Amino acid sequence: MSVLSSAREGANRVLRPLGVQVVRGHSDDPAIQPFLPARQTLAAARRAGTSVEDYIDRYSAAPGATAGTVDAILREADLGGHVERVCEIGPGSGRYAARVIAATHPDTYEIYETAGDWLPRLRALPNVLVRPADGRTLSATASGSVDLVHAHKVFVYVPLVVTIGYLDEMARVVRPGGIVAFDVVNENCLDDAMTKNWVSSGATLYGMISRSWLLERLAQRGLTLLGSHFVPLSGGRTELLVFRRI
Ligand SMILES: C[S@@+](CC[C@H](N)C(=O)[O-])C[C@H]1O[C@@H](n2cnc3c(N)ncnc32)[C@H](O)[C@@H]1O
């Protein structure tokens, strides 16, 4: 085994709890973090005789997590009526996208995804519009144009500066009355059990963001917290935060 492959294997042991893997051919840009390789993940799900959603939920030791998360957002959001436009950052396999599309039937479902190998699968979902992903902005999306903008298991591992940039962008693109939803690791998540798991598994990947700082910053950008839910992150949990733009 080459030095590179053993380094990759070592990194993958650490990344596994997040459902992330280092694969050849990904960007060196620190803003752009790797994800499970599409081909191998789809093949593994097929071999296991499950959907990709169930496969990734189980792989992350959190059966039912995708459905639970989407239900929680839609309950808080109460989007009612006609949903024109949804935007998702880092949809990966599309496990949340498929559920949100099935529940809300948006005219357009915009995605910003830096992992090119998942794009064919994402493009096959109804009304998906693949936006050019620079890893930092939602530059192709008009201000105040989106009913729901969301991201899952992205702001737990991209650099803090990338998260901050995306949060500002989410606040920019959401329409008045629209919804912003995402999960983060914050001080409410980091109990003894979770930190113990992190330390023993060497989970150097994750980053924490202060809850009070986040709420204050988003409030300054017109976003009011509607509700929050803990959602599983293997070996621990994240807090899903749902906001409405006033
Ligand atoms: C841990 S995965 C989560 C994927 C999906 N949201 C889920 O929970 O199954 C993070 C996703 O964000 C994408 N990603 C990483 N860095 C990104 C960036 N800077 N901008 C947009 N997407 C990014 C990855 O390619 C991957 O699809």
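Filter the helices (runs of 4 or more DSSP H) completely within the stretch 30-106 down to those with at least 2 residues that are over 16 Å from the mean Cα position of the chain (by Cα) and either loosely packed, with under 15 Cβ neighbours inside 10 Å or away from the ligand (no atom under 13 Å from the Cβ) (or both). Outline the logic, then answer.
Working: elements: 38-48, 52-59, 65-77, 95-104.
Filter on the stretch 30-106 gives 38-48, 65-77, 95-104.
Taking Arg121, is it over 15 Å from the mean Cα position of the chain (by Cα), open to solvent by 50 Å² or more (accessible area, probe 1.4 Å) and within 12 Å of the ligand (Cβ to nearest atom)? Break it down into steps so the answer makes sense when it comes.
Working: over 15 Å from the mean Cα position of the chain (by Cα): yes; open to solvent by 50 Å² or more (accessible area, probe 1.4 Å): yes; within 12 Å of the ligand (Cβ to nearest atom): yes.
Yes: the conditions hold for Arg121.
If you check every pair at least six apart or on different chains, which have Cβ atoms under 8 Å apart with a residue in the stretch 233-245 that is aromatic (Phe, Trp, Tyr) first and a residue that is open to solvent by 20 Å² or more (accessible area, probe 1.4 Å) second?
Pairs that qualify, where the first residue is aromatic (Phe, Trp, Tyr) and the partner is open to solvent by 20 Å² or more (accessible area, probe 1.4 Å), are Phe243/Thr224; Phe243/Leu225; Phe243/Leu226.
From Thr224, Thr238, grab the single residue that is more than 15 Å from the chain's Cα centre (by Cα) and either open to solvent by less than 50 Å² (accessible area, probe 1.4 Å) or not small (Gly, Ala, Ser) (or both).
Only one candidate passes the filter, namely Thr224.
Between residues in the stretch 33-53 that are farther than 16 Å from Leu122 by Cα and residues that are aromatic (Phe, Trp, Tyr), which pairs lie under 8 Å by C-beta distance while being six or more apart or on different chains?
Hits for this filter: Gln33/Tyr157; Ala44/Tyr55; Ala45/Tyr55; Ala48/Tyr55.
Quick one: is Thr108 touching a Phe, Trp or Tyr at 6+ places or on another chain (Cβ under 8 Å) and in contact (Cβ under 8 Å) with a residue 24 or more places away in the chain?
When the stated conditions are applied, Thr108 does not pass them.
The values are calculated or read from the model by the stated rules, or taken from the named source; none is laboratory data. The structure displayed is predicted, hence computed values, not measured ones. In this analysis, Cβ positions are derived from the backbone assuming ideal geometry, glycine residues included, and neighbour counts consider all displayed protein chains. SASA here: full protein model, heavy atoms, side chains in, ligands and nucleic acids out. Shrake-Rupley method; radii C 1.70, N 1.55, O 1.52, S 1.80 Å.
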